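> My structure is below; once you've seen it, I'll send some questions.
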Amino acid sequence: MSARNRELLALVPASLLLTAGFAALFIQHSQELSNVSLTYGAGFLALCLCGHVVIRFTLPDADPYLFPLVAVLACFGLVIIYRIDETLAREQAQWFVVGLVLFAATIVFLRDFRVLERYRYTVAVAGLLLLLLPRVPGIGQQVNGAYLGVGIGPISFQPAEFGKIAIVIFLAAYLRDTRQVLVQGRKLGPITVPQLKHLGPLLVVWGAAMFMLVFIRDLGSSLMYFGGFLALLYVATNRLSFVTIGLGMFAVGAWFFASTVGHVQNRIDTWRDPFDRALYDRPGGSYQIAQSLFAQADGGLFGVGFGQATIAQAGGGAILPAPQTDLIYAVIVNELGLVGGCGLLLVYLLLIERGFKTAMLARDSFSKLLAAGLTAVFALQVFVIVGGVTKVIPLTGVTLPFVSYGGSSIVANFVLLALLLLVSDRARREAR
């Protein structure tokens, strides 16, 4: 069976999953089964078929599992968001369509993706400007102490979602030209220590990560960007010493700012002891993470049942704050249990595995670094939000890709998927 036919068949289970999810919700709400769930499932399948047709005629050799795995995540997110708020689910469906349109446009108009290598510095400047937009007076939006959003009239978005793609493109192009210089160093026993003059890029990106930590007050984004840079640096140089030095520098910087900057220290305190009454009752304190842990513990192994989670009080007060964005994973674990949460993470792991396999198949350095960087940033974004909700790391405002509510997130991740498929098509064709 050809790759495209496998992709086509794999889209059917995703549509059936969405149909079954909506059917379960309708039965839960009205105690009867209607044909609306079939309509939603057919509409979702039709949209996915449009994306499949674009891939079939433009990227015939692309990985056959990337797009179906994203479809599974998207349908999972649509059902969960509909269960939380029907209006938000309709808006998410509209953004899903916009994301598919931009996905198709990226594939059609960027067939030779290596042209991005020539505009590395332009892309880098655009990425940095996107990261700084939330601090521009008048349009920047602050949520829970972090500057993540931008609002222009009725439109609001998170520029960091698009900035991550720009930064990865720049780093892939930059490291392609400098990786041979970076590997030169001095032998100290079994490891090679890079020379100080070659640590310049590492110091610059480390400084940028610390700048983000203080300026836009977002620990999650700084960790995601710096972690993606270290992953690219390791792929480019095959030097574990760079990763070790980078992690040490990030730990020292995070410790320093956690000790001297108030909002960072507050995030660390709420992470260390979210059940402290003084922190729990403080505005912007540990209420969110504590409620997340309570909800996950209540779910147990198999959950309380789909649609059974108590998200809001009878009077309208929030039991789980921001359940459609920050704490959507807690809602999933509460209703579907640890089994459901692990199933969702397994889909993410499969998607990440296909991304890294694309990087391994790529022949030229830029393609390899681009695929590895995009996959690493995607994986780190999943880790940052799931780790924050489960108290592995401090909670941040990063969205769960393709599942959390958010137009900028789903649109940016569709562009990321399109770039991965472009690299995959070229890599698999050359390998064949």
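The values are calculated or read from the model by the stated rules, or taken from the named source; none is laboratory data. None of the values given here were measured: they were computed from a predicted structure. Please note: Cβ atoms are built from the backbone with ideal geometry, for glycine as well, and neighbour counts cover all protein chains shown. With ligands, DNA and RNA removed, areas are computed over all heavy atoms of the protein, side chains included. Shrake-Rupley method; radii C 1.70, N 1.55, O 1.52, S 1.80 Å.
> Put +1 on the Cβ of every Lys and Arg and -1 on every Asp and Glu Cβ in the chain; which of 181, 408, 121 then has its Cα farthest towards the positive end of the dipole?
Going by the charge dipole, the pick is 181.
> Let me ask something else about it. Over the alpha carbons of region 315-356, what is the largest minus smallest coordinate on each principal axis, giving the biggest first in Å?
Its Cα atoms span 47, 19, 7 Å along the three principal axes.
> Which whole-number value in Å³ per residue fits the convex hull of the alpha carbons of the chain?
Taking only Cα atoms, the chain has a hull volume of 162 Å³ per residue.
> Ordering 6, 176 by how much accessible area each has at a 1.4 Å probe, largest first, what is the list?
The residues order as 176, 6, largest area first.
> Could you state how much accessible area residue 91 has, in square angstrom rounded to the nearest 10, with a 1.4 Å probe and all protein chains kept in place?
70 Å²
> For the chain, which whole-number percentage of the solvent-accessible area (1.4 Å probe, protein heavy atoms only) is attributable to carbon and sulfur atoms?
66 percent
> Work out the length of the dipole vector of the chain about its Cα centre, built from +1 on the beta-carbon of each Lys and Arg and -1 on the beta-carbon of each Asp and Glu, and round it to the nearest 20 debye.
Magnitude of the dipole: close to 1640 debye.
> Per-residue ellipticity at 222 nm for the chain, helices alone: DSSP H runs ≥ 4 residues times -39500 (n - 2.57), over residue total, nearest 500 deg cm²/dmol?
-23500 deg cm²/dmol
> Would you mind getting the accessible area per residue of region 257-401, heavy atoms of the protein chains only, 1.4 Å probe, in Å²? Mind dumping the intermediate values first?
On the way: 5840 Å² over 145 residues.
Counting only protein heavy atoms, the per-residue value for region 257-401 is 40 Å².
> Is any residue of region 284-303 close enough, with backbone N under 16 Å, to a label point placed 7 angstrom from the Cα of residue 310 along the Cα-Cβ axis, and if so, which?
In region 284-303, the label zone of residue 310 (backbone N under 16 Å from the point 7 Å along Cα→Cβ) covers 291-300.
> So, one more: Round to the nearest 0.05 the FRET efficiency obtained for residue 338 and residue 111 when R0 = 45 Å and r is the Cβ-Cβ distance.
Values: r = 43 Å, r/R0 = 0.96.
My answer for the efficiency is 0.55.
> Can you compute the modelled spin-label distance between residue 29 and residue 5, with each label point 7 Å from Cα toward Cβ, in nm?
For residue 29 paired with residue 5, the spin-label model returns 4.0 nm.
> Give me the Å³ per residue figure for the convex hull around the C-alpha atoms of region 1-110.
Residue-normalised Cα hull volume stands at 85 Å³.
> Along Cα→Cβ, 7 Å out, is where each label goes; now give me the distance between the ones at residue 12 and residue 135 in nm to one decimal.
So the label points at residue 12 and residue 135 sit 5.3 nm apart.
> Accessible area of residue 29, 1.4 Å probe, to the nearest 10 Å²?
110 Å²
> Kindly sort 282, 4, 120 by accessible area of their heavy atoms, largest first, with the probe set to 1.4 Å.
Of 282, 4, 120, the descending order of accessible area is 282, 120, 4.
> Still on this model: Can you give the FRET efficiency to the nearest 0.05 for residue 278 and residue 97, using r as the Cβ-Cβ distance and R₀ = 41 Å?
Numbers: r = 46 Å, r/R0 = 1.12.
About 0.35, to the nearest 0.05.
> Accessible surface of residue 112 in the full protein assembly, 1.4 angstrom probe, to the nearest 10 Å²?
90 Å²
> Let me ask something else. At residue 259 and residue 121, where each label point lies 7 Å from the Cα along Cα→Cβ, what is the point-to-point distance in nanometres?
Computed distance between label sites residue 259 and residue 121 equals 3.9 nm.
> Could you order 152, 167, 80 by accessible surface area, starting with the largest, using a probe radius of 1.4 Å?
I get 152, 167, 80, largest accessible area first.
> Let me spell out the model: positive unit charges on the Cβ of Lys and Arg, negative unit charges on the Cβ of Asp and Glu, origin at the Cα centre of region 1-108. What dipole size does that give, in debye rounded to 20?
Here region 1-108 has a charge dipole of around 200 debye.
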